Amino acid sequence: MNSDRDLLHALASLTTGIYVLTVRDGERRHGMSSSWVTQVSGHPRLLIAAVDRRHHSHDIARRTRQFALNVVGARGQALEEYFYSPAARRADNLNAVAWEDSPAGLPYLLDAMVNLECRVHDQHAAGDHTLFVADVTHVAIRASDRPLTSLDLEYVYVGEVIRRPE
């Protein structure tokens, strides 16, 4: 049997993109760093985002059945740094970043390279996360950049944040 440390090291080798998932509930807006996101269908075009049930954004996405996914580019790493920081661990945390409303009123981050407005079709419990299966209802291309990935960071989220193994 392998150790838990071996398992964490193996999971840390799975590369992911870096995103900020944003939600809105009335006047309350919230964003969270998100890396467990991927496209899961070509027709219809669907993506899936795994959101920790303890996170502020979870209940809003579950209730409103919508979220925006903001793709962080290499030049926008400050977005990841903010949403990963303790300063972002509060209920209404978008006052420190530039944003505008999407057509459906979701927060689009202006410093992201791409914004995707998403409507949730289905939700599935998966351990301590919920998998939100969603279609994209609107896209805004903001910048030509290289997407930021987990390989660009000194840490990685594997259900907990750990330093990237050497």
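Check 81, 100, 117 and return the single one that is over 14 Å from residue 33 (Cα atoms), free of Cβ contacts under 8 Å to residues at least 40 places away in the same chain and acidic (Asp, Glu). Break it down stepwise before answering.
Numbers: 81 fails: over 14 Å from residue 33 (Cα atoms); 117 fails: free of Cβ contacts under 8 Å to residues at least 40 places away in the same chain.
Selected residue: 100, the only one of 81, 100, 117 that is over 14 Å from residue 33 (Cα atoms), free of Cβ contacts under 8 Å to residues at least 40 places away in the same chain and acidic (Asp, Glu).
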### Task
Give the number of residues within region 35-74 that are closer than 24 Å to residue 155 by Cα and in a helix (DSSP H, G or I).
4
### Query
Do you know which residues across region 1-34 are without any contact (Cβ under 8 Å) to a residue 24 or more places away in the chain and not in a loop (DSSP other than H, G, I, E, B)?
4, 5, 6, 7, 10
### Task
Kindly provide the set of residues from region 130-151 that are surrounded by 15 or more Cβ atoms within 10 Å (Cβ to Cβ) and under 11 Å from residue 18 (Cβ atoms), ordered by number.
147, 148, 150
### Message
Quick check on my filter: what residues within region 53-81 are in contact with an Asp or Glu (Cβ under 8 Å, 6 or more places away or on another chain) and crowded, with 17+ Cβ neighbours inside 10 Å?
### Response
58, 60, 64, 66, 68, 72, 73, 76, 79
### Query
If you go through region 89-99 one residue at a time, do you hit one that is part of a strand (DSSP E or B) and either at pLDDT 95 or above or exposed (fewer than 14 other Cβ atoms within 10 Å of the Cβ) (or both)?
yes
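The values are calculated or read from the model by the stated rules, or taken from the named source; none is laboratory data. Quantities reported herein were computed from a predicted structural model and do not represent experimental measurements. Reconstructed Cβ throughout: ideal geometry from the backbone, glycine too, with neighbour counts over all protein chains shown.
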